[in-house]
Amino acid sequence: MRETTLIVIRHGETAWNREKRMQGTTDTPLSDVGREQARALGRRLAGRAFAALYSSDLARAWDTARAIAELTGLEAVTDPRLQERRFGIFEGLTAEEIVARYPEEHARFASRDPDYAVPGGESARSFTGRCIGCLAEIAGRHPGGEVVVVTHGLVLDSLYRAAHGLDHGARRPVPLINASLNVFGYGGGAWRLELWGDISHLAADQVTVYRGASA
């Protein structure tokens with residue numbers, strides 16, 4: 001099968017990104033900066049021929065995808081499997097608030113046990129199976145094509161790990177950046193990273209970087 005190219009985009013900035021709050025599947029909207037980032041993405045991708053445009057159905061991703069759709073002529077197709085990892089009781093809280101309110105649960109989460117799920121949340125192993133399986137299915141629908149996917153930080157984290165053979169317990173050495181372009185090739189059941197964290201379409205005051213282990 002011919003290799004498919006996936007341009008995988010983390011959604012534009014939200015207020016919770018700026019405040020470093022755990023979002024998970026809480027349906028937060030784009031900030032003013034996030035909307036500007038989304039328009040910049042649309043301008044960056046305009047004029048190119050893509051096979052398809054897919055998006056998480058959470059508002060921050062969907063609104064980013066709509067800005068791209070308006071300037072590329074593509075119709076965005078949503079798939080809930082592209083949602084961020086569920087973080088249950090941690091959602092809406094900063095790291096400091098999580099430690100203060102849920103010290104035992106945070107300690108287990110911080111151990112990076114791939115099978116531990118925060119109450120009301122999702123384990124790393126289950127999440128990875130969900131999102132990587134979805135992306136592989138999308139790639140299989142468009143062999144040899146170039147596809148745009150708008151999704152979330154930890155979906156990108158999972159793809160990076162898949163391409164580098166990095167397990168759940170290892171630290172990711174690169175940041176997650178809102179509205180960045182990240183390009184992966186997929187063929188023969190294997191992922192290959194071509195480009196990470198391209199933000200050349202963003203102004204300096206539009207860049208939102210997350211360097212932690214989860215987003």
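The values are calculated or read from the model by the stated rules, or taken from the named source; none is laboratory data. Just so it is clear, the structure is predicted and the values come from calculations on it, not from any experiment. Cβ atoms come from the backbone with ideal geometry, glycine included; neighbour counts cover every protein chain shown.
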So, first residue exposed (fewer than 13 other Cβ atoms within 10 Å of the Cβ) in region 112-133, second residue of a type in the set (Gly, Ala, Ser) and not in a helix (DSSP H, G or I), Cβ within less than 8 Å, six or more apart or across chains; the pairs are ASP115/SER123
Taking region 28-65 and the residues there that are among the hydroxyl-bearing types (Ser, Thr, Tyr) and assigned to a loop (DSSP other than H, G, I, E, B), the one that is farthest from GLY197 (Cα to Cα) would be THR28
Original post:
Can we say ALA139 is in a helix (DSSP H, G or I) and more than 25 Å from ARG66 (Cβ to Cβ)?
Top reply: no
When (1) on the phi < 0 side of the Ramachandran plot; (2) not in a helix (DSSP H, G or I) are applied to ILE89, the one that fails is (2)
Restricting attention to region 66-79, does a residue exist that is basic (Lys, Arg) and in contact with a Cys (Cβ under 9 Å, 6 or more places away or on another chain)? no
Filtering strands (runs of 3 or more DSSP E) wholly in region 144-215 for at least 3 residues that are surrounded by fewer than 20 Cβ atoms within 10 Å (Cβ to Cβ), touching a residue at least 12 places away in the same chain (Cβ under 8 Å) and not hydroxyl-bearing (Ser, Thr, Tyr) gives 181-187, 190-198
Log entry, pairs with first residue in region 72-94 being surrounded by fewer than 20 Cβ atoms within 10 Å (Cβ to Cβ), second being charged (D, E, K, R) and assigned to a strand (DSSP E or B), beta carbons closer than 9 Å, six or more apart or on different chains, reads GLY92/ARG21; LEU93/ARG21; THR94/ARG21
Within region 92-117, restricting to residues that are of a type in the set (A, V, I, L, M, F, W, C) and in a helix (DSSP H, G or I), the one that is farthest from the chain's Cα centre (by Cα) is ALA100
Checked VAL33, VAL8 against criteria (modelled with pLDDT of 95 or more, under 27 Å from GLY140 (Cα atoms) and among the aliphatic types (A, V, I, L, M)); the one match is VAL8
Residue pairs qualifying under the 6 Å Cβ cut-off, at least six apart or on distinct chains, with the first in region 1-27 being of a type in the set (Asp, Glu) and in a helix (DSSP H, G or I) and the second being modelled with pLDDT under 95 and buried (at least 22 other Cβ atoms within 10 Å of the Cβ), are none
For LEU71, the lone unmet condition from (1) farther than 16 Å from ASN17 by Cα; (2) under 20 Å from the mean Cα position of the chain (by Cα); (3) hydrophobic (A, V, I, L, M, F, W, C) is (2)
Going through region 141-200 in order, the residues found to be touching a His at 6+ places or on another chain (Cβ under 8 Å) and farther than 24 Å from ALA46 by Cβ are ARG161, LEU193
